[in-house]
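The values are calculated or read from the model by the stated rules, or taken from the named source; none is laboratory data. Predicted model only: the values in this text are computed from it and were never measured. Cβ sites come from the backbone with ideal geometry, for glycine too, and all protein chains shown count toward neighbours. Heavy atoms of the whole protein, side chains included, go into the accessibility calculation; ligands, DNA and RNA do not. Shrake-Rupley method; radii C 1.70, N 1.55, O 1.52, S 1.80 Å.
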Number of protein chains: 2
Amino acid sequence: MAPVHHRKEVDESYAKEKEAAFAEFIQRKGLKTTRQRNTIVATFFRMRGHVSVEELLNEVKKANSRIGYATVYRTLHLLVESELVEERRFGDGLARYEGHSDVEHHDHMICLECGEIFEFFNPRLEALQEKLAEENDFKIFRHRLELYGACKDPEACANRKQKRQASAGN
Amino acid sequence: MAPVHHRKEVDESYAKEKEAAFAEFIQRKGLKTTRQRNTIVATFFRMRGHVSVEELLNEVKKANSRIGYATVYRTLHLLVESELVEERRFGDGLARYEGHSDVEHHDHMICLECGEIFEFFNPRLEALQEKLAEENDFKIFRHRLELYGACKDPEACANRKQKRQASAGN
DNA sequence: TGGATTGCGAAAACCGTTTTCAATATCCAC
DNA sequence: GTGGATATTGAAAACGGTTTTCGCAATCCA
(Lines give C-alpha, C1' and ligand atoms only; values in the text may rest on other atoms or scores of the structure.)
Protein backbone atom coordinates (compact mmCIF):
# COMPACT_ATOMS: atom_id res chain seq x y z
CA MET A 1 0.00 0.00 0.00
CA ALA A 2 2.94 2.30 0.63
CA PRO A 3 4.17 4.01 -2.51
CA VAL A 4 6.89 2.38 -4.49
CA HIS A 5 9.49 5.05 -4.95
CA HIS A 6 12.15 4.48 -7.49
CA ARG A 7 15.44 3.15 -6.27
CA LYS A 8 17.11 5.39 -3.74
CA GLU A 9 20.52 4.17 -4.75
CA VAL A 10 21.48 2.93 -8.13
CA ASP A 11 23.88 0.18 -7.39
CA GLU A 12 26.45 -1.11 -9.77
CA SER A 13 25.08 -4.62 -9.81
CA TYR A 14 21.68 -3.39 -10.99
CA ALA A 15 23.21 -1.42 -13.84
CA LYS A 16 25.50 -4.28 -14.77
CA GLU A 17 22.61 -6.69 -14.87
CA LYS A 18 20.61 -4.42 -17.17
CA GLU A 19 23.59 -3.83 -19.42
CA ALA A 20 24.07 -7.56 -19.76
CA ALA A 21 20.41 -8.07 -20.58
CA PHE A 22 20.63 -5.39 -23.26
CA ALA A 23 23.77 -6.94 -24.71
CA GLU A 24 21.92 -10.23 -24.91
CA PHE A 25 19.00 -8.53 -26.68
CA ILE A 26 21.33 -6.94 -29.21
CA GLN A 27 22.91 -10.29 -29.93
CA ARG A 28 19.58 -12.07 -30.17
CA LYS A 29 18.41 -9.50 -32.72
CA GLY A 30 21.61 -9.85 -34.76
CA LEU A 31 22.52 -6.21 -34.19
CA LYS A 32 25.98 -4.85 -33.63
CA THR A 33 27.58 -3.90 -30.36
CA THR A 34 28.77 -0.32 -30.52
CA ARG A 35 30.67 2.01 -28.28
CA GLN A 36 27.86 4.61 -28.43
CA ARG A 37 25.07 2.24 -27.51
CA ASN A 38 27.07 0.87 -24.62
CA THR A 39 27.73 4.38 -23.34
CA ILE A 40 24.08 5.38 -23.60
CA VAL A 41 22.75 2.22 -21.97
CA ALA A 42 25.33 2.33 -19.19
CA THR A 43 24.48 5.96 -18.52
CA PHE A 44 20.75 5.38 -18.56
CA PHE A 45 20.79 2.59 -15.99
CA ARG A 46 22.88 4.69 -13.65
CA MET A 47 20.32 7.50 -13.64
CA ARG A 48 17.13 7.25 -11.68
CA GLY A 49 13.57 8.34 -12.04
CA HIS A 50 11.80 9.21 -15.23
CA VAL A 51 14.45 10.39 -17.59
CA SER A 52 13.82 12.67 -20.56
CA VAL A 53 15.84 12.43 -23.75
CA GLU A 54 17.52 15.74 -23.06
CA GLU A 55 18.47 14.75 -19.52
CA LEU A 56 19.95 11.52 -20.81
CA LEU A 57 21.84 13.21 -23.63
CA ASN A 58 23.33 15.71 -21.17
CA GLU A 59 24.66 12.85 -19.06
CA VAL A 60 25.84 10.88 -22.06
CA LYS A 61 27.78 13.83 -23.42
CA LYS A 62 29.93 13.84 -20.29
CA ALA A 63 31.25 10.45 -21.35
CA ASN A 64 31.31 11.09 -25.08
CA SER A 65 30.47 14.56 -26.30
CA ARG A 66 30.19 13.52 -29.93
CA ILE A 67 27.04 11.46 -29.34
CA GLY A 68 23.96 13.31 -30.57
CA TYR A 69 20.20 13.18 -30.25
CA ALA A 70 19.70 10.70 -33.09
CA THR A 71 21.70 7.95 -31.45
CA VAL A 72 20.11 8.52 -28.06
CA TYR A 73 16.63 8.32 -29.59
CA ARG A 74 17.56 5.21 -31.53
CA THR A 75 19.04 3.51 -28.50
CA LEU A 76 16.03 4.36 -26.35
CA HIS A 77 13.79 2.73 -28.94
CA LEU A 78 15.89 -0.40 -28.69
CA LEU A 79 15.67 -0.31 -24.90
CA VAL A 80 11.89 -0.08 -25.14
CA GLU A 81 11.78 -2.89 -27.69
CA SER A 82 13.91 -5.03 -25.41
CA GLU A 83 11.34 -4.42 -22.67
CA LEU A 84 14.02 -3.26 -20.29
CA VAL A 85 12.58 0.25 -20.38
CA GLU A 86 9.15 1.80 -20.63
CA GLU A 87 8.20 5.01 -22.35
CA ARG A 88 5.88 7.35 -20.47
CA ARG A 89 4.22 10.59 -21.40
CA PHE A 90 2.96 12.86 -18.69
CA GLY A 91 1.33 15.51 -20.82
CA ASP A 92 4.15 18.02 -20.86
CA GLY A 93 4.79 16.99 -24.42
CA LEU A 94 7.98 15.05 -23.96
CA ALA A 95 8.70 11.38 -23.59
CA ARG A 96 10.22 10.06 -20.42
CA TYR A 97 11.92 6.72 -20.00
CA GLU A 98 11.84 4.49 -16.98
CA GLY A 99 13.91 1.42 -16.25
CA HIS A 100 11.63 -1.22 -14.82
CA SER A 101 11.23 -1.07 -11.08
CA ASP A 102 11.04 -4.04 -8.82
CA VAL A 103 7.29 -3.89 -9.31
CA GLU A 104 5.83 -5.12 -12.53
CA HIS A 105 3.20 -2.45 -12.91
CA HIS A 106 2.57 0.81 -11.11
CA ASP A 107 0.81 4.10 -11.51
CA HIS A 108 2.06 7.62 -10.92
CA MET A 109 1.47 10.64 -8.73
CA ILE A 110 3.01 13.76 -10.21
CA CYS A 111 3.64 16.82 -8.06
CA LEU A 112 2.93 19.90 -10.15
CA GLU A 113 5.01 22.02 -7.81
CA CYS A 114 8.35 20.21 -7.59
CA GLY A 115 7.92 17.90 -10.57
CA GLU A 116 8.62 14.76 -8.55
CA ILE A 117 7.04 11.61 -9.91
CA PHE A 118 6.00 9.02 -7.31
CA GLU A 119 5.11 5.47 -8.13
CA PHE A 120 2.42 3.46 -6.44
CA PHE A 121 0.50 0.27 -6.83
CA ASN A 122 -2.75 -0.91 -5.34
CA PRO A 123 -4.38 -4.24 -6.11
CA ARG A 124 -7.88 -3.05 -5.23
CA LEU A 125 -7.56 -0.29 -7.79
CA GLU A 126 -6.52 -2.80 -10.42
CA ALA A 127 -9.32 -5.15 -9.52
CA LEU A 128 -11.90 -2.38 -9.62
CA GLN A 129 -10.76 -1.34 -13.09
CA GLU A 130 -11.10 -4.91 -14.27
CA LYS A 131 -14.56 -5.11 -12.80
CA LEU A 132 -15.68 -1.91 -14.51
CA ALA A 133 -14.27 -3.06 -17.84
CA GLU A 134 -16.03 -6.38 -17.42
CA GLU A 135 -19.35 -4.64 -16.80
CA ASN A 136 -18.94 -2.72 -20.03
CA ASP A 137 -17.87 -5.62 -22.18
CA PHE A 138 -14.41 -4.24 -22.49
CA LYS A 139 -11.12 -6.11 -22.33
CA ILE A 140 -8.23 -4.11 -20.86
CA PHE A 141 -4.81 -4.56 -22.43
CA ARG A 142 -3.10 -1.81 -20.49
CA HIS A 143 -4.04 1.25 -18.58
CA ARG A 144 -2.67 4.53 -17.47
CA LEU A 145 -3.49 6.29 -14.24
CA GLU A 146 -1.87 9.54 -13.29
CA LEU A 147 -2.73 11.64 -10.27
CA TYR A 148 -1.65 15.25 -10.67
CA GLY A 149 -1.41 17.34 -7.55
CA ALA A 150 0.96 18.36 -4.80
CA CYS A 151 3.04 16.58 -2.21
CA LYS A 152 2.02 17.62 1.25
CA ASP A 153 5.52 17.86 2.67
CA PRO A 154 6.34 21.49 1.88
CA GLU A 155 9.99 21.27 2.87
CA ALA A 156 10.87 18.26 0.78
CA CYS A 157 8.86 19.72 -2.09
CA ALA A 158 10.66 23.07 -1.95
CA ASN A 159 14.02 21.32 -1.83
CA ARG A 160 13.25 19.25 -4.89
CA LYS A 161 11.94 22.28 -6.74
CA GLN A 162 15.10 24.23 -6.04
CA LYS A 163 17.29 21.32 -7.04
CA ARG A 164 15.36 20.93 -10.25
CA GLN A 165 15.67 24.59 -11.18
CA ALA A 166 19.38 24.53 -10.44
CA SER A 167 20.04 21.61 -12.74
CA ALA A 168 17.83 23.12 -15.47
CA GLY A 169 20.26 25.97 -15.99
CA ASN A 170 22.76 23.44 -17.19
CA MET B 1 -22.20 2.15 -12.96
CA ALA B 2 -23.19 1.95 -16.58
CA PRO B 3 -20.82 3.81 -18.85
CA VAL B 4 -21.61 7.36 -19.72
CA HIS B 5 -21.44 7.47 -23.46
CA HIS B 6 -21.38 10.81 -25.11
CA ARG B 7 -24.65 12.22 -26.32
CA LYS B 8 -26.37 10.03 -28.84
CA GLU B 9 -28.09 12.97 -30.38
CA VAL B 10 -26.77 16.46 -30.43
CA ASP B 11 -29.86 18.53 -30.02
CA GLU B 12 -30.18 22.12 -31.07
CA SER B 13 -30.93 23.38 -27.60
CA TYR B 14 -27.68 21.94 -26.27
CA ALA B 15 -25.66 23.60 -29.01
CA LYS B 16 -27.50 26.89 -28.62
CA GLU B 17 -26.87 26.91 -24.92
CA LYS B 18 -23.18 26.37 -25.39
CA GLU B 19 -22.96 29.01 -28.09
CA ALA B 20 -24.62 31.50 -25.76
CA ALA B 21 -22.22 30.65 -22.96
CA PHE B 22 -19.29 31.16 -25.31
CA ALA B 23 -20.67 34.50 -26.49
CA GLU B 24 -20.92 35.56 -22.89
CA PHE B 25 -17.34 34.51 -22.27
CA ILE B 26 -16.13 36.49 -25.27
CA GLN B 27 -17.96 39.55 -24.05
CA ARG B 28 -16.71 39.16 -20.50
CA LYS B 29 -13.14 38.99 -21.79
CA GLY B 30 -13.63 42.08 -23.96
CA LEU B 31 -12.95 40.13 -27.15
CA LYS B 32 -14.70 40.60 -30.45
CA THR B 33 -17.48 38.54 -31.89
CA THR B 34 -16.46 37.25 -35.28
CA ARG B 35 -18.05 35.26 -38.05
CA GLN B 36 -15.25 32.68 -37.98
CA ARG B 37 -15.38 32.03 -34.27
CA ASN B 38 -19.12 31.69 -34.38
CA THR B 39 -18.87 29.19 -37.21
CA ILE B 40 -16.23 27.13 -35.43
CA VAL B 41 -18.03 27.11 -32.11
CA ALA B 42 -21.39 26.30 -33.69
CA THR B 43 -19.80 23.46 -35.64
CA PHE B 44 -17.96 22.09 -32.64
CA PHE B 45 -21.01 21.81 -30.44
CA ARG B 46 -22.91 20.00 -33.16
CA MET B 47 -20.27 17.28 -33.41
CA ARG B 48 -20.00 14.57 -30.85
CA GLY B 49 -17.31 12.57 -29.22
CA HIS B 50 -13.68 13.50 -28.88
CA VAL B 51 -12.95 15.75 -31.79
CA SER B 52 -9.51 16.30 -33.26
CA VAL B 53 -8.48 19.59 -34.80
CA GLU B 54 -8.43 18.09 -38.25
CA GLU B 55 -11.91 16.61 -37.88
CA LEU B 56 -13.23 19.92 -36.71
CA LEU B 57 -11.54 21.85 -39.49
CA ASN B 58 -13.00 19.47 -42.07
CA GLU B 59 -16.50 20.17 -40.76
CA VAL B 60 -15.88 23.87 -40.46
CA LYS B 61 -14.69 24.14 -44.04
CA LYS B 62 -18.08 22.93 -45.22
CA ALA B 63 -19.56 26.13 -43.82
CA ASN B 64 -16.68 28.42 -44.69
CA SER B 65 -13.83 27.00 -46.70
CA ARG B 66 -11.57 29.95 -46.10
CA ILE B 67 -11.15 29.22 -42.42
CA GLY B 68 -7.76 27.66 -41.71
CA TYR B 69 -5.96 25.77 -38.99
CA ALA B 70 -4.76 28.87 -37.15
CA THR B 71 -8.22 30.14 -36.39
CA VAL B 72 -9.48 26.73 -35.37
CA TYR B 73 -6.58 26.30 -32.96
CA ARG B 74 -7.07 29.78 -31.58
CA THR B 75 -10.79 29.26 -31.08
CA LEU B 76 -10.27 25.90 -29.40
CA HIS B 77 -7.92 27.57 -26.94
CA LEU B 78 -10.63 30.06 -26.15
CA LEU B 79 -13.14 27.26 -25.67
CA VAL B 80 -10.79 25.55 -23.26
CA GLU B 81 -10.14 28.81 -21.43
CA SER B 82 -13.88 29.37 -21.15
CA GLU B 83 -14.12 25.92 -19.54
CA LEU B 84 -16.79 24.87 -21.99
CA VAL B 85 -14.41 22.35 -23.51
CA GLU B 86 -11.64 20.10 -22.25
CA GLU B 87 -8.50 19.12 -24.05
CA ARG B 88 -7.54 15.44 -23.95
CA ARG B 89 -4.52 13.57 -25.19
CA PHE B 90 -4.73 9.84 -25.68
CA GLY B 91 -1.17 9.18 -26.64
CA ASP B 92 -1.59 9.13 -30.41
CA GLY B 93 0.12 12.49 -30.45
CA LEU B 94 -2.82 14.68 -31.25
CA ALA B 95 -5.08 16.74 -29.08
CA ARG B 96 -8.77 15.95 -28.90
CA TYR B 97 -11.47 18.26 -27.64
CA GLU B 98 -14.52 17.32 -25.71
CA GLY B 99 -17.53 19.46 -24.88
CA HIS B 100 -18.47 18.80 -21.27
CA SER B 101 -20.82 15.92 -20.84
CA ASP B 102 -23.67 15.82 -18.40
CA VAL B 103 -21.24 14.32 -15.94
CA GLU B 104 -18.71 16.59 -14.38
CA HIS B 105 -15.85 14.15 -14.49
CA HIS B 106 -15.31 10.84 -16.22
CA ASP B 107 -12.58 8.50 -17.34
CA HIS B 108 -12.05 6.77 -20.67
CA MET B 109 -11.90 3.34 -22.22
CA ILE B 110 -10.27 3.42 -25.64
CA CYS B 111 -10.74 0.56 -28.08
CA LEU B 112 -7.46 0.05 -29.92
CA GLU B 113 -9.29 -1.78 -32.71
CA CYS B 114 -12.08 0.58 -33.75
CA GLY B 115 -10.79 3.74 -32.06
CA GLU B 116 -14.02 4.31 -30.16
CA ILE B 117 -13.66 6.24 -26.92
CA PHE B 118 -16.10 5.31 -24.16
CA GLU B 119 -16.67 7.38 -21.07
CA PHE B 120 -17.33 6.02 -17.63
CA PHE B 121 -17.49 7.13 -14.06
CA ASN B 122 -17.32 5.21 -10.82
CA PRO B 123 -17.44 6.79 -7.39
CA ARG B 124 -15.62 3.92 -5.71
CA LEU B 125 -12.73 4.39 -8.08
CA GLU B 126 -12.59 8.08 -7.25
CA ALA B 127 -12.78 7.41 -3.54
CA LEU B 128 -10.04 4.81 -3.71
CA GLN B 129 -7.75 7.22 -5.51
CA GLU B 130 -8.36 9.83 -2.83
CA LYS B 131 -7.62 7.30 -0.17
CA LEU B 132 -4.34 6.27 -1.77
CA ALA B 133 -3.30 9.88 -2.20
CA GLU B 134 -4.16 10.57 1.42
CA GLU B 135 -2.01 7.68 2.57
CA ASN B 136 0.92 9.11 0.68
CA ASP B 137 0.52 12.70 1.81
CA PHE B 138 -0.50 13.76 -1.63
CA LYS B 139 -3.26 16.16 -2.63
CA ILE B 140 -4.93 15.37 -5.96
CA PHE B 141 -5.88 18.29 -8.18
CA ARG B 142 -6.90 16.23 -11.16
CA HIS B 143 -6.31 12.79 -12.51
CA ARG B 144 -6.34 10.87 -15.71
CA LEU B 145 -7.35 7.27 -16.11
CA GLU B 146 -7.38 5.60 -19.48
CA LEU B 147 -8.09 1.94 -20.13
CA TYR B 148 -6.74 0.79 -23.46
CA GLY B 149 -8.11 -2.44 -24.87
CA ALA B 150 -10.86 -3.82 -27.03
CA CYS B 151 -14.62 -3.72 -27.03
CA LYS B 152 -16.05 -7.19 -26.75
CA ASP B 153 -18.85 -6.69 -29.27
CA PRO B 154 -17.07 -7.72 -32.47
CA GLU B 155 -19.85 -6.59 -34.79
CA ALA B 156 -20.23 -3.10 -33.46
CA CYS B 157 -16.46 -2.79 -33.32
CA ALA B 158 -16.01 -3.86 -36.93
CA ASN B 159 -18.72 -1.43 -38.02
CA ARG B 160 -17.09 1.48 -36.27
CA LYS B 161 -13.69 0.55 -37.64
CA GLN B 162 -15.02 0.48 -41.19
CA LYS B 163 -16.82 3.76 -40.73
CA ARG B 164 -13.69 5.35 -39.38
CA GLN B 165 -11.56 4.15 -42.26
CA ALA B 166 -14.13 5.37 -44.75
CA SER B 167 -14.21 8.88 -43.34
CA ALA B 168 -10.42 8.96 -43.07
CA GLY B 169 -10.06 8.92 -46.83
CA ASN B 170 -11.79 12.27 -46.86
C1' DT C 1 -18.66 56.78 -39.13
C1' DG C 2 -13.80 57.12 -37.84
C1' DG C 3 -10.34 55.01 -35.92
C1' DA C 4 -8.22 52.34 -32.25
C1' DT C 5 -7.96 47.67 -31.69
C1' DT C 6 -8.66 42.90 -32.35
C1' DG C 7 -8.91 39.00 -35.44
C1' DC C 8 -7.91 36.76 -39.79
C1' DG C 9 -5.31 33.71 -43.12
C1' DA C 10 -1.15 32.21 -45.24
C1' DA C 11 3.10 31.19 -44.44
C1' DA C 12 6.91 30.74 -41.50
C1' DA C 13 8.57 29.32 -37.14
C1' DC C 14 8.68 25.97 -33.41
C1' DC C 15 9.70 21.82 -30.94
C1' DG C 16 10.19 17.16 -30.06
C1' DT C 17 11.08 13.35 -32.77
C1' DT C 18 12.35 10.67 -37.01
C1' DT C 19 14.70 10.04 -41.23
C1' DT C 20 18.26 10.71 -44.72
C1' DC C 21 22.76 10.21 -46.37
C1' DA C 22 27.59 9.90 -46.70
C1' DA C 23 31.18 8.37 -43.80
C1' DT C 24 32.59 4.99 -40.32
C1' DA C 25 32.54 0.91 -37.45
C1' DT C 26 31.38 -3.90 -36.65
C1' DC C 27 32.02 -8.62 -37.31
C1' DC C 28 31.72 -12.92 -40.08
C1' DA C 29 33.93 -15.76 -43.54
C1' DC C 30 37.99 -16.58 -45.15
C1' DG D 1 44.19 -10.95 -39.04
C1' DT D 2 41.82 -8.90 -43.50
C1' DG D 3 38.11 -7.93 -46.74
C1' DG D 4 33.90 -6.79 -47.42
C1' DA D 5 28.88 -7.07 -46.68
C1' DT D 6 26.14 -4.83 -43.51
C1' DA D 7 24.80 -2.10 -39.57
C1' DT D 8 25.58 2.31 -37.20
C1' DT D 9 26.80 6.94 -36.62
C1' DG D 10 26.30 12.15 -36.61
C1' DA D 11 24.85 16.26 -38.86
C1' DA D 12 21.44 18.08 -41.03
C1' DA D 13 17.12 17.96 -43.15
C1' DA D 14 12.44 16.39 -42.82
C1' DC D 15 8.34 15.67 -40.24
C1' DG D 16 3.79 16.50 -37.98
C1' DG D 17 1.21 18.86 -34.83
C1' DT D 18 0.88 23.32 -32.98
C1' DT D 19 2.01 28.32 -32.41
C1' DT D 20 3.47 32.70 -34.01
C1' DT D 21 4.23 36.39 -37.32
C1' DC D 22 2.74 39.89 -40.24
C1' DG D 23 0.11 42.64 -43.34
C1' DC D 24 -4.70 43.17 -44.29
C1' DA D 25 -9.64 43.01 -42.88
C1' DA D 26 -13.34 43.18 -39.59
C1' DT D 27 -15.25 44.75 -35.21
C1' DC D 28 -17.18 48.04 -32.25
C1' DC D 29 -17.02 52.12 -29.12
C1' DA D 30 -17.08 57.15 -28.95
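Phi angles across the range A:59-68 convert, under the Karplus curve 6.51 cos²θ - 1.76 cosθ + 1.60 with θ = phi - 60°, into 3J(HN,Hα) values of 5, 4, 5, 5, 8, 8, 6, 8, 6, x Hz, Gly and Pro given as x.
Counting protein heavy atoms only and a 1.4 angstrom probe, how many square angstrom of accessible surface do chains A and B bury in total, to the nearest 100? Could you put the intermediate results ahead of the total?
Working: alone 11480 and 11450 Å², together 19440 Å².
Chains A and B together bury roughly 3500 Å² of accessible area.
A 1.4 Å probe run over the protein chains yields, for chain A, 57 Å² of accessible area per residue, whole-number rounding.
Taking only Cα atoms of the range B:102-148, what ratio of Rg to Rh do you get with Rh as the Kirkwood inverse-distance radius?
On the way: Rg = 12.8 Å, Rh = 12.0 Å.
Over the Cα atoms of the range B:102-148, Rg/Rh equals 1.06.
Under unit Cβ charges (Lys, Arg +1; Asp, Glu -1), what dipole magnitude, rounded to 20 debye, does the protein assembly as shown have relative to its Cα centre? Intermediate values should be presented prior to the final figure.
Values: 56 positive and 58 negative charges, 356 e Å.
Roughly 1700 debye for the protein assembly as shown.
Each peptide among A:90-100, B:139-149 gets the average number of other Cβ atoms lying within 10 Å of its residues, and from highest to lowest they stand as B:139-149, A:90-100. Rounded, prolate or oblate: which fits the range B:37-170, taking a ≥ b ≥ c as square roots of the Cα gyration tensor eigenvalues, rounded meaning a/c under 1.5, else prolate when a/b beats b/c? Since a/c reaches 1.5 but b/c is at least a/b, the shape of the range B:37-170 is classed as oblate. Each copy carries B:TYR69; placing its label point 7 Å along the C-beta direction from Cα gives inter-copy distances of 1.8 nm, listed from smallest up. Partner shielding of B:147-153 amounts to 6, given as the average count of beta-carbon atoms from other chains within 10 Å of each residue beta-carbon. In a simple Cβ point-charge model (Lys, Arg +1; Asp, Glu -1; nothing else charged), the range A:40-150 has a dipole of about 620 debye relative to its Cα centre. Label-point spacing at A:ALA156 relative to the other copies reads 4.4 nm, in ascending order, each point sitting 7 Å out from Cα along Cα→Cβ. Label sites at A:GLU134 and B:HIS100, each approximated as a point 7 angstrom past Cα along Cα to Cβ, lie 3.4 nm apart. Taken one residue at a time, the phi angles of the range B:145-156 give Karplus couplings (6.51, -1.76, 1.60, θ = phi - 60°) of 10, 10, 9, 9, x, 9, 6, 8, 8, x, 5, 4 Hz. Gly and Pro are set to x. Across the accessible surface of the range B:103-170, with the other protein chains kept in place and a 1.4 Å probe, carbon and sulfur atoms take up 52 percent. Please state, as a whole number in µm²/s, the translational diffusion coefficient that the Stokes-Einstein equation yields for the range A:24-73 at 37 °C and 0.692 mPa s, with Rh defined as the Kirkwood radius across alpha carbon pairs. Translational D for this selection: 288 µm²/s. Counting only other chain Cβ atoms within 10 Å of each residue's Cβ, the peptide A:127-135 averages 4.
For the range B:1-102, compute the orientation-averaged projected area of the C-alpha convex hull (one quarter of its surface), in nm².
Values: hull surface 28.6 nm².
Over all viewing directions, the range B:1-102 projects a mean Cα-hull area of 7.1 nm².
Non-local lysine pairs in chain B, meaning eight or more places apart or on different chains, with alpha-carbon distances under 21 Å, amount to 18.
May I ask which residue of B:PHE120, B:PHE138, B:ILE110 lies farthest towards the positive end of the charge dipole of the range B:103-170, with charges of +1 (Lys, Arg) and -1 (Asp, Glu) on Cβ and the Cα centre as origin? Towards the positive end, the residue furthest out is B:ILE110. Peptides B:45-53, A:25-33, B:109-117 ranked from most to least packed, by the mean per-residue count of other Cβ atoms within 10 Å: B:109-117, B:45-53, A:25-33. Note on A:LYS163 and B:LEU31: with the Förster distance fixed at 45 Å, the Cβ-Cβ geometry gives a FRET efficiency of about 0.65. Among the residues of A:107-117, the average count of other protein chain beta-carbon atoms within 10 Å of the residue beta-carbon is 2. The radius of gyration of the Cα set in the protein assembly as shown, together with its Dmax, comes out at 23.0, 65 angstrom. Once backbone amide H atoms are built at 1.01 Å from N, B:GLU113 has B:CYS151 as its partners under 5 Å, excluding neighbours fewer than 5 places away on the same chain. For A:GLU12, inter-copy separations between label points set 7 Å beyond Cα along the Cβ vector come to 7.8 nm, shortest first.
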